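Visitor: One structure follows; several queries about it will come next.
Every read-out reported here was derived from the displayed coordinates using simple, explicitly stated rules and does not represent laboratory data. If you're wondering where the values come from, they're calculated on a predicted model, not measured in any experiment. Note that each Cβ is placed from the backbone with ideal geometry, even for glycine, and that neighbours are counted across all protein chains shown.
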Amino acid sequence: MVAMKICVCGWYKDEQFYETLHAVSKDYNIVIVSHKPGGLYLGLPFVEIPNIGLEWGAYNYYLMQIWDGASNVLFTHDDTKVSDLGVFDRIATLPHDVAYIFRDRSEERANAGKHGRAVFMSARFLRLVKDTRCDCREAKGYIDKHHHIGQQLKGTGAHRGFWFDPENTGHNSGKPPLGVRHYNAAIYHFHWYLGRVRDRKLNNESMDVVNRVYFPEYECGRRGTWRHKEAEQKKYALA
């Protein structure tokens, strides 16, 4: 089995979650890429970088600067609750190249089947992302048709690694500031990218990339709260 490492986007500094990570750190190499200065993280390895690009900015830093080139990785936010430490072993044995991790089907439905709060990725998928040039719509720029109608969103340039908005220094709700893309733009790009990989438009080998898996013992927050859980389960009546 290929070893799994864990990249944590540090922002909310949920103490319980860091205690959980410390408890499994003997089995899993963990690095916190923090967007907020001043964390100690119970002695876990960490690096502080500017708050740019939300979680995908942190994930990209890990991929391009820290990743060992051979390990599978769980990318996750730090506003997370874990009720069973064994869940990390179960995530580590996932057979997929990419899998979004959801609490249950209600959370999946509420997030339209994609999010950046917890995503498992295989080493071979990460090698593809790191080494392949992406000259996408975000790279070239386009006219904003949703938030600041008619305004030009400038291209960020062709890239390797995970795309993120370099103009986003903290926008995570509501209407984006002028010149900033919507806070979900990076996950939209990532999901689009998965479709390209699935259809073998970027790669020579087949990859199993568009997957949703369910771990009720791994509960992702939403901007540091869990108020959404009951509403999601009530609305969609799914478990």
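Visitor: Shape verdict for segment 73-181, please, from the Cα gyration tensor: rounded (a/c under 1.5), prolate (a/b greater than b/c) or oblate.
Guide: Details: a/c = 2.65, a/b = 1.56, b/c = 1.70.
Taking the square roots of the gyration eigenvalues as a ≥ b ≥ c, segment 73-181 is oblate.
Visitor: Counting pairs of alpha carbon atoms under 8 Å apart in space and at least six apart in sequence, what relative contact order in percent does the chain give?
Guide: On the way: 443 pairs, mean separation 57.4, N = 239.
Relative contact order for the chain comes out at 24 percent.
Visitor: Now, a different point. Can you pull out the trypsin sites (Lys or Arg not before Pro) in segment 141-208 whose DSSP state is coil and whose Cβ has at most 13 other Cβ atoms within 10 Å? If you can, show how the numbers build up before the last one.
Guide: Values: sites: Lys145, Lys154, Arg160, Arg181, Arg196, Arg198, Arg200, Lys201; in loops: Lys145, Arg160, Arg181, Arg200, Lys201.
Hits after loop and neighbour filter: Lys145, Arg200, Lys201.
Visitor: Residues with beta-carbon under 13 Å from that of Val129, excluding Val129: net charge, scoring Lys, Arg +1 and Asp, Glu -1? List each step's numbers first, then the result.
Guide: Numbers: positive: Arg124, Arg127, Lys130, Arg133, Arg160, Arg196; negative: Asp97, Asp131.
Local net charge: +4.
Visitor: Could you run the Karplus curve 6.51 cos²θ - 1.76 cosθ + 1.60 with θ = phi - 60° over segment 123-128 and give me ³J(HN,Hα) per residue in whole Hz, x for Gly and Pro?
Guide: Values, residue by residue: 4, 5, 5, 5, 4, 4 Hz.
Visitor: Given the pairs Lys145/Lys201; Lys26/Lys201; Lys114/Lys154; Lys26/Lys81; Lys130/Lys154, which are separated by over 30 angstrom at their Cα positions?
Guide: Working: Lys145/Lys201 27 Å; Lys26/Lys201 39 Å; Lys114/Lys154 25 Å; Lys26/Lys81 19 Å; Lys130/Lys154 23 Å.
Too far apart for the 30 Å limit: Lys26/Lys201.
Visitor: With the dipole of the chain worked out from charges on the C-beta (+1 for Lys and Arg, -1 for Asp and Glu) around the Cα centre, which of Cys9, Val119, Ile187 lies farthest toward the positive end?
Guide: My answer, from the dipole projection, is Ile187.
Visitor: To continue, here is another question. Based on the alpha-carbon set only, what is the convex hull volume of the chain divided per residue, in Å³?
Guide: Values: hull volume 30.3 nm³, N = 239.
Looking at the chain, the number lands at 127 Å³ per residue.
Visitor: Next up: Check cross-link reach from Lys36 to the aspartates and glutamates: straight Cα distance under 15 Å, and skip same-chain residues fewer than eight apart.
Guide: List returned: Asp14, Glu15, Glu48, Glu55, Asp78, Asp79.
Visitor: Something else now. Can you give the local net charge around Asp68? Use residues other than it whose beta-carbon is closer than 12 angstrom to its beta-carbon, Lys and Arg +1, Asp and Glu -1. Walk me through the numbers before you get to the answer.
Guide: Numbers: positive: Lys5, Arg127, Lys130; negative: none.
Net charge around Asp68: +3.
Visitor: With θ taken as phi - 60° and the coefficients 6.51, -1.76 and 1.60, list the Karplus ³J(HN,Hα) couplings across segment 168-178 in order, rounded to whole Hz; mark glycine and proline as x.
Guide: Running phi through 6.51 cos²θ - 1.76 cosθ + 1.60 with θ = phi - 60° gives 8, 10, x, 5, 9, 6, x, 6, x, x, 4 Hz.
Visitor: Can I ask one more? Show me, for segment 136-147, the HN-Hα J-couplings you get by feeding each phi into the Karplus relation (A = 6.51, B = -1.76, C = 1.60, θ = phi - 60°), rounded to Hz, glycine and proline as x.
Guide: Ordered by residue, 3J(HN,Hα) equals 8, 4, 5, 5, 8, x, 6, 7, 6, 10, 10, 10 Hz.
Visitor: Sorting Trp56, Trp67, Trp192 on the 10 Å Cβ count, fewest up front, what's the list? Can you show the working numbers first?
Guide: Details: Trp56 24, Trp67 21, Trp192 15.
Lowest count first: Trp192, Trp67, Trp56.
Visitor: Now a separate question. Based on the Cβ-Cβ distance from Val47 to Val24, what FRET efficiency comes out when R0 is 25 Å, to the nearest 0.05?
Guide: Working: r = 20 Å, r/R0 = 0.79.
So the FRET efficiency works out to roughly 0.80.
Visitor: Now for a different question. Fewest Cβ neighbours within 10 Å first, please rank Ile187, Ile66 accordingly.
Guide: Ascending number of Cβ neighbours within 10 Å: Ile66, Ile187.
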